[in-house]
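Contents: one structure, followed by commentary.
Taken together, the values in this text are just the output of simple stated rules run on the coordinates, not laboratory data. What you see is a predicted model, and the numbers here were worked out from it, not measured in a lab. Neighbour counts are summed over all protein chains in view; Cβ atoms, including those assigned to glycine, are modelled from backbone coordinates with ideal geometry.
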Amino acid sequence: MKDHIDKVQDYIDSGKSIPETVIADLSEKETEILGTILDFRQNIKQELNSRISDKPLNLKKNVLGQSGDTVNNTGSRVFRNIILAAAAFVILLSTPGIYRNLETRKLIREDAQSFVGTITDTAWIDNKTPDTGTDTEWFDAEPIVMTGIY
Amino acid sequence: MLENLDDHECIVRFKKNREEAVFNCLLARYRMAIRRIIFTVLKGGDPDEAEDVEQEVAIALYTSLADFSFKSSFKTYLYRLCRNKAIDHIREKERERKLFKKISRIDMQQTQELPEEAVEKEEKKNALIQTLFDLPEAERTIIVLKDAEDMSLKELSEILNKPVGTVKSQLHRARVHAAKIYMQKQGEEFK
């Protein structure tokens with residue numbers, strides 16, 4: 001049975017007409033199967049077309065950039081994620097460094113305040129800031145006016 | 001004017017200037033075939049999903065067309081791309097479904113029953129399409145590529161990456177399988 005059906009399908013696929021002798025050899029069951037295959041073959045395209053739209057595809061603007069370069073595709077998304085992960089890693093690594101740096105600055109500042117206080121014999125006032133709104137800190141002593149020829 | 005160019009000429013022109021009009025012309029030429037293949041592999045399904053796959057095909061085509069080497073015909077290349085993208089989409093959906101099921105511990109079968117039932121009722125209106133959907137993916141794709149897209153066995157062997165002889169026997173087997181399911185469905189209808 002398989003041989004007969006295969007033989008007829010060979011004729012179908014090659015576009016040749018099926019000889020009468022081949023048809024004569026087919027059993028009733030084989031004829032029924034082949035009739036169904038031909039029916040299927042004849043209608044499948046039409047049936048599929050009736051279920052799909054023929055409207056042009058509206059290509060998403062983010063699919064093809066205006067310059068024609070592709071953007072936001074899987075490749076660039078993966079690349080972007082790698083960059084973000086690398087940046088996060090660098091920040092993570094540098095955080096203790098930044099912290100140490102801030103601590104050092106604080107110690108230097110305290111040393112400087114103490115040194116200036118010692119040589120000018122003044123006390124440091126933390127909250128006294130100039131009217132300009134800058135964060136410069138001031139001493140409560142009068143400014144030393146330097147005179148003479150330099 | 002662009003319509004007069006064959007696939008080869010379109011691709012050569014696209015390689016030169018990446019003209020969007022040429023690309024759109026090529027895409028329009030195969031629009032229905034692309035949709036038939038996606039529809040077949042996805043077993044119909046949600047039209048929005050089918051459109052997503054079509055967009056994926058368009059992106060992949062746009063990015064790869066400039067490097068197209070003409071080793072195979074454009075048609076076989078495009079059809080293989082469509083099939084692969086649709087299969088990728090099914091796998092992705094399946095992964096998402098499994099993940100969602102794991103996270104929410106919701107029995108998805110229950111929540112999915114209703115739309116699926118509705119879809120099935122709609123699909124049963126036509127035995128031919130339902131028969132197609134009852135076949136395994138490889139069988140329904142091979143039937144559509146041969147009988148709807150009228151591809152040669154050689155072209156099929158390029159798309160499916162299998163020898164011509166294998167493709168031929170798979171096609172014959174798939175058609176007989178489809179015919180038997182179809183006849184069974186017809187018989188059920190007449191009962």
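Annotations for the structure displayed:
- Local net charge near A:Asn49, Cβ-Cβ under 10 Å (Lys/Arg +1, Asp/Glu -1): +2
- Relative contact order of chain B, pairs being alpha-carbon contacts under 8 Å that are 6 or more residues apart, as %: 21 percent
- Residues A:Glu28, B:Glu94, arranged from fewest to most other Cβ atoms within 10 angstrom of their Cβ, appear as A:Glu28, B:Glu94.
- In plain terms, the residue of A:Ile82, B:Ile11 with the fewest other Cβ atoms within 10 Å comes first and the most crowded comes last, giving A:Ile82, B:Ile11.
- Inter-chain Cβ neighbour average for residues A:24-36, partner chain, 10 Å: 2
- Number of partner chain Cβ atoms within 10 Å, mean per residue of B:33-43: 2
- Look at B:Asp88, B:Asp67 and count the other Cβ atoms within 10 Å of each Cβ; fewest to most, that gives B:Asp67, B:Asp88.
- Basic side chains Lys and Arg get +1 at the Cβ, acidic Asp and Glu get -1 at the Cβ, and with that the dipole of segment B:4-89 about its Cα centre reaches some 440 debye.
- Counts of other chain beta carbons within 10 angstrom of each beta carbon in peptide A:88-94 average 0.
- Cα-centred dipole magnitude for chain B, charges only on beta-carbon of K, R (+1) and D, E (-1), debye, nearest 20: 720 debye
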